[in-house]
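The values are calculated or read from the model by the stated rules, or taken from the named source; none is laboratory data. Note that the coordinates shown come from a computational prediction; the quantities given were computed from them, not determined experimentally. Neighbour counts are summed over all protein chains in view; Cβ atoms, including those assigned to glycine, are modelled from backbone coordinates with ideal geometry. Protein only, heavy atoms only, side chains kept; ligands, DNA and RNA dropped before computing areas. Shrake-Rupley method; radii C 1.70, N 1.55, O 1.52, S 1.80 Å.
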Amino acid sequence: MGVVTYNYDSTSPVAPARLFKAFVLEADKVWPIAAPHAIKSIEVEANPGPGSIVKVNFVEGLPFQYMKHQIGENDENKFSYSYSLIEGGPLGDKLEKINYENKFEAAVGGRSVYKSSMKFYIVGDYVITKDEIKALIKGSEGVYKAIEAYLLANPDACN
């Protein structure tokens, strides 16, 4: 089994505290409302903390029915969080899991920078390409941008 690491950065006009709240603390409420084109529901299968399992259910017509995340560490003061994609989604029979370490950092003018470090745990001799990784990120960006747009249109949300 090999491991491939990929780092990704993105900027946002939304402050880090609001993004953290929308993506981590209130994801089960915000995601289905902000991204109904993709997210059907989110279920927390245990108390929402390190080690718990979160199931993201997708709407019909998308390539995946669901994916399960195992929550890692969350730091509300540093706006950082980690999780592992452990079932469903893009894993198939070629990826054992994907670990994510994410952080929202403050930028000029109340904006933020989203930084993500992803580790792809490969099954067998499979070789994941940068184009495949970029395609996975592009799919996630649709949900990310929808949540960002929701926060911009609803200034009282996630404060």
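Just one of the numbered conditions (1) under 13 Å from D9 (Cα atoms); (2) free of Cβ contacts under 8 Å to residues at least 40 places away in the same chain; (3) not in a helix (DSSP H, G or I) is not true of D156: (1). For the stretch 137-153, residues that are within 20 Å of V113 (Cβ to Cβ) and either open to solvent by 50 Å² or more (accessible area, probe 1.4 Å) or without any contact (Cβ under 8 Å) to a residue 12 or more places away in the chain (or both) total 7.
Close contacts from the stretch 101-118, counting a first residue that is free of Cβ contacts under 8 Å to residues at least 12 places away in the same chain and a second that is open to solvent by 30 Å² or more (accessible area, probe 1.4 Å) and of a type in the set (S, T, N, Q), with Cβ to Cβ under 8 Å and a gap of 6+ residues or different chains, come to none at all. Residues of the stretch 107-127 that are closer than 30 Å to M1 by Cα, open to solvent by 20 Å² or more (accessible area, probe 1.4 Å), in contact with a strand residue (DSSP E or B) (Cβ under 7 Å, 6 or more places away or on another chain) and not basic (K, R): Y114, S117, Y121, V123. In a residue-by-residue description of the stretch 26-33, the property of being farther than 20 Å from I147 by Cβ and open to solvent by 80 Å² or more (accessible area, probe 1.4 Å) applies to no position.
Within the stretch 71-82, the only residue that satisfies the criterion of being assigned to a loop (DSSP other than H, G, I, E, B) and surrounded by 15 or more Cβ atoms within 10 Å (Cβ to Cβ) is F79. Of the listed requirements (1) more than 18 Å from A34 (Cβ to Cβ); (2) modelled with pLDDT of 95 or more; (3) outside any strand (DSSP E or B); (4) of a type in the set (S, T, Y), Y150 misses just one: (1). Name the residue that is farthest from A149 (Cα to Cα), counting only residues in the stretch 44-70 that are open to solvent by 40 Å² or more (accessible area, probe 1.4 Å) and touching a Phe, Trp or Tyr at 6+ places or on another chain (Cβ under 9 Å). Here the residue is Q70. Checked against (1) open to solvent by less than 80 Å² (accessible area, probe 1.4 Å); (2) not in a strand (DSSP E or B), F104 passes all but a single condition, namely (2).
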